[in-house]
Number of protein chains: 2
Amino acid sequence: MRLSRYFLPVLREVPKEAEIVSHRLMLRAGMIRQQAAGLYSWLPIGYKVLMKIQRIVEEEQNRSGAIQLLMPTIQSADLWRESDRYDAYGKEMLRIEDRHEREFLYGPTNEEVITDIFRSYVKSYKDLPLNLYHIQWKFRDEVRPRFGTMRAREFLMKDAYSFDLDKDGAVKAYERMFVAYLRTFHRLGLIAIPMRADTGPIGGDLSHEFIVLADTGESAVFCHKDLLDKPIPGPDTDFRGDLKPIVDDWTSLYAATEEMVDMAEYEASVPEEKRVSARGIEVGHIFYFGTKYSEPMNAKVMGPDGKEVAVHMGSYGIGPSRLAAALIEAHHDDAGIVWPVSVAPFEAMLINLKAGDAACDEACGKLYNELAAAGIDVLYDDRDQGAGAKFATADLIGIPYQIVLGPRGLASGEAEIKHRKSGERETLPIAQAVERLKSLIEPQRRNNV
Amino acid sequence: MRLSRYFLPVLREVPKEAEIVSHRLMLRAGMIRQQAAGLYSWLPIGYKVLMKIQRIVEEEQNRSGAIQLLMPTIQSADLWRESDRYDAYGKEMLRIEDRHEREFLYGPTNEEVITDIFRSYVKSYKDLPLNLYHIQWKFRDEVRPRFGTMRAREFLMKDAYSFDLDKDGAVKAYERMFVAYLRTFHRLGLIAIPMRADTGPIGGDLSHEFIVLADTGESAVFCHKDLLDKPIPGPDTDFRGDLKPIVDDWTSLYAATEEMVDMAEYEASVPEEKRVSARGIEVGHIFYFGTKYSEPMNAKVMGPDGKEVAVHMGSYGIGPSRLAAALIEAHHDDAGIVWPVSVAPFEAMLINLKAGDAACDEACGKLYNELAAAGIDVLYDDRDQGAGAKFATADLIGIPYQIVLGPRGLASGEAEIKHRKSGERETLPIAQAVERLKSLIEPQRRNNV
């Protein structure tokens, strides 16, 4: 993509309303624009990041055996009356009346709709286990939305729902999602720790939050240090096999959010030098809640013994729009964002130091075409601007590799590659730039499966 | 995908509420489920089709130079007051009050929001031309939603918005979208004819609808027969070059919807044997409307002469969720849907005629793995069901190629391939099935770029 034909409205000033670094950087880098309190447009590079996150989430959901569909954003109030949550949900639910004065709402979550879909079609235990998920915009009318897309009112959520004949089956479904979540966050470039959590308005008796440690996190967390560098289950994980050993291994070390922590237990089970007491950002939340919805909503199947039973359910959420912000909290420096290759809006940025100069334009144009032909997703800064502004933009928007070419390099036949993360620079013959970049980027792509 | 692990709730009965064939088939094939009047869930194969449509739309938008972003579904009423459309829009607009009693709405279209984004960042003619698009759910509170996803209340729309310094530039932007739309519908497997159209509530003085001919179409259309087999601009079309000759060529032949038709002109300009008077489904609509929004909303840029001018705008809509239905209206037979390869939920369906038989399971399992390894998107019917039911399901959901294998074929070493569209069957050695399918599918993929 040529920057002169793109839409990348970076801001020079630090927006006053933004309290946390990810919000500031998303505004400054032209990733998002606030349309109203808690409502954001995703500008082109923001949208690209969001879709890269979504793709990884989908791949890991699919790998685990979950099946994708899509439910509408607007839901009927009547369904929520069946589960008795319509009146209980409170002011966070955006309630809507249509032209015929029928009551609807903008879905804050989808337990009711998915249970309705399930009960309409599934009648036998033979069709279980089943895990259905979608990635759809949700709305929660927070009293005071803040922190940008970290806590927006309209936000993107992946929510999966599992259906099983009994608790044993449901726990296996829970384990599959537990492992899928470990893999998902790892591929996104995050260290996310599963912690026992409160079940809140979803209900149920088994729940983990996945927490990324960050100073700006919304709650205090307490965990064992060894959780920070535990190896992640690989792409060859058999999701139809027994995942209990993996889950047991992860949950054997103490980790809890402030709502759940028992300080005596924490101190008893974690040696002092292994105690991590920090702040954390919730990036995923999984629940097992048994028959809380299937019982009142009559989602029953015929069991092997010919008797009808209410199915055991769980739900599993990840917020891609919140993750975009959490990723920046985890990956930034003073100059701006530092994207991992897996979610970067572009993998490389080509900087023409003297746009308008015929020789520079020709050499950069050629290099740009070669990079694109090599399958590298490259943003080409071909604008008539000073070098300083171009470097600052490249650093701010956080593209992993910069390739810099100007009159001096052209004279000596050399380009420069800057590694955004380490700051390292290497000078190399222009003719080798494409191969060198491929050798830097491709292993990161290959490892991210 | 193994059907035993998938979620494909086909219905045996013809749903009573469905008036048109696409609605009936989408319900029967387990593509959609109605959640409330005009609100649909997209079940797994429906969702896959919707995403394949979306991908083609995106590819052609990007090729034409349009840039993707994403605006929220919920919009502030204040913005619509600036353009004077808030009160004018009427009951089709879903109006919403949040917990602080501020007025919002569920966007039926996005001229106001995109104009707000534009005016916030773009200040100079040097940043033009610009075409920004998104693919987002919209809501229009139709008094009587019907025809399934053809006329839903919540529907998916691609809407692009062009910004230019003057009318000349805006007409060029219009031409780019005109050609992009020709290519998009062609790749989707549709013959869509551009027709002069009324501009309606969007406003403006230049507008074309793209119309697919179908008996169930919502309006009468009148056009020259030669438009039905006009060659489509190829993938090498230069969208930065002069597209006027292509647009002139297409618009030189008479074509108009009933709202716009001048029967005298129609009969004078189209020889009797070339007159097509039929019904049509609108699948796309493009508008040029000058400064209708930029003037009241103050979206101005500095021109080359240093003077501020309101930008000339156009908007360009395609509805992927409506297209899924329109595609079925155009591609079905008595047995069910007949998908083109480009948008089929799966490219091939492997039918095991005797699931549970060890030899059949082994041979089919092997074939399934080979097909998947060859990059063919295959659905494997491994369920313990009779052959008749399996054939009926395969025909109903419209997968382009069926590969059938059972005990008799296993004994003779032969499989059967059925072409869904022609009904043609061919028997061939099992070992050749993968190569044969590749040779059938790959050219269709290659041509669809």
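The values are calculated or read from the model by the stated rules, or taken from the named source; none is laboratory data. Just so it is clear, the structure is predicted and the values come from calculations on it, not from any experiment. Positions of Cβ are backbone-derived with ideal geometry, glycine not excepted, and every protein chain shown enters the neighbour counts. The accessibility values were calculated without ligands, DNA or RNA, using every heavy atom of the protein model including side chains. Shrake-Rupley method; radii C 1.70, N 1.55, O 1.52, S 1.80 Å.
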GNM flexibility winner over chain B from B:P340, B:P320, B:P233 (Cα, springs under 10 Å): B:P233
Dipole magnitude of the stretch B:372-449 about its Cα centre (Cβ charges: Lys, Arg +1; Asp, Glu -1), debye to nearest 20: 200 debye
Positive minus negative residues near B:Y401 (Lys, Arg vs Asp, Glu; Cβ under 14 Å): -2
Kirkwood estimate for the stretch A:302-342, i.e. one over the average of 1/r between Cα atoms, Å: 14.2 Å
Under-5 Å amide H pairs with B:M93, H placed in peptide plane, nonlocal only: B:D141
Scaled radius of gyration (Cα, divided by 2.2 N^0.38 Å) that the stretch B:1-107 gives: 1.48
Relative intensity, log₁₀ I(q)/I(0), of the stretch A:206-248 from a Debye sum that treats every alpha carbon as a point, q = 0.16, 0.21 Å⁻¹: -0.64, -0.94
Förster radius 45 Å - calculated FRET efficiency between B:T427 and B:L228 (Cβ-Cβ, nearest 0.05): 0.80
For A:E59, net neighbour charge (Lys/Arg +1, Asp/Glu -1) across residues whose Cβ lies under 12 Å away: +4
Ascending list, in nanometres, of distances separating the A:G303 label from those of the other copies (7 Å, Cα toward Cβ): 7.9
Under-5 Å amide H pairs with B:R2, H placed in peptide plane, nonlocal only: B:Y380
Nearest-first distances (nm) between copies at B:G386, label 7 Å from Cα via Cβ: 8.2
Hull volume in cubic angstrom per residue (convex hull over the Cα atoms of the stretch B:101-230): 158 Å³
Percent accessible area from carbon and sulfur atoms, the stretch B:63-124, protein chains only, probe 1.4 Å: 40 percent
Highest-first arrangement of B:73-84, B:28-39, A:172-183, where packing means the average Cβ count within 10 Å: A:172-183, B:28-39, B:73-84
Residues in the stretch B:58-91 occluded by at least 10 Å² - accessible area, probe radius 1.4 Å, against chain by itself: B:I67, B:Q68, B:L69, B:L70, B:P72, B:T73, B:I74, B:S76, B:K91
Square roots of 5 times each gyration tensor eigenvalue, C-alpha, chain A, largest first, Å: 44, 25, 22
Per-selection metrics, the protein assembly as shown (Cα): Rg and Dmax in Å: 28.1, 93
Per-residue mean of C-beta atoms belonging to partner chains within 10 Å, peptide A:37-48: 5
Nitroxide proxy distance, nm - points 7 Å out along Cα→Cβ at A:R408 and A:R446: 3.6 nm
Dipole of the protein assembly as shown, positive end: most advanced residue of A:V449, B:F289, A:T393 [Cβ charges, Cα centre]: A:V449
0 to 90° range, to nearest 10: angle between helix A:387-397 axis and chain A longest Cα axis: 10 degrees
Kirkwood estimate for the stretch B:165-271, i.e. one over the average of 1/r between Cα atoms, Å: 14.8 Å
Residue order for A:D166, B:D98, B:D334 - accessible surface, 1.4 angstrom probe, largest first: B:D334, A:D166, B:D98
Of B:K158/B:K292; A:K138/A:K172; B:K418/B:K438; B:K230/B:K274, pairs whose Cα-Cα distance is over 18 Å: B:K158/B:K292; A:K138/A:K172
Dipole of chain B, positive end: most advanced residue of B:F178, B:A255, B:V143 [Cβ charges, Cα centre]: B:V143
Per residue, in Å², the accessible surface of chain B once ligands and nucleic acids are set aside, probe 1.4 Å: 39 Å²
Crossing angle, helix A:111-121 versus chain A [Cα axis fit, 0-90 degrees, rounded to tens]: 70 degrees
Overall Cα dimensions of the stretch B:20-166 - principal axes, largest extent first, Å: 53, 42, 26
Vicinal HN-Hα couplings computed from phi for the stretch B:169-175 (Karplus, 6.51 cos²θ - 1.76 cosθ + 1.60; Hz; Gly/Pro x): x, 5, 5, 4, 4, 4, 5
Computed [θ] at 222 nm, deg cm²/dmol, chain B (DSSP H ≥ 4; -39,500 (n - 2.57); rounded to nearest 500): -9500 deg cm²/dmol
Inter-copy separations for B:V143, label at 7 Å along Cα-Cβ, nm, ascending: 4.3
Estimated buried accessible area (total), pair A and B, 1.4 Å, Å² to nearest 100: 4900 Å²
Antiparallel content of DSSP bridges confined to the protein assembly as shown, in %, to 5: 85 percent
Surface accessible to a 1.4 Å probe, B:C364 within the full protein complex, Å²: 0 Å²
Over the stretch B:348-444, equivalent-ellipsoid semi-axes from the Cα gyration tensor in Å: 18, 16, 12
C-alpha long axis of helix A:358-373 to longest principal axis of chain A, angle in °: 30 degrees
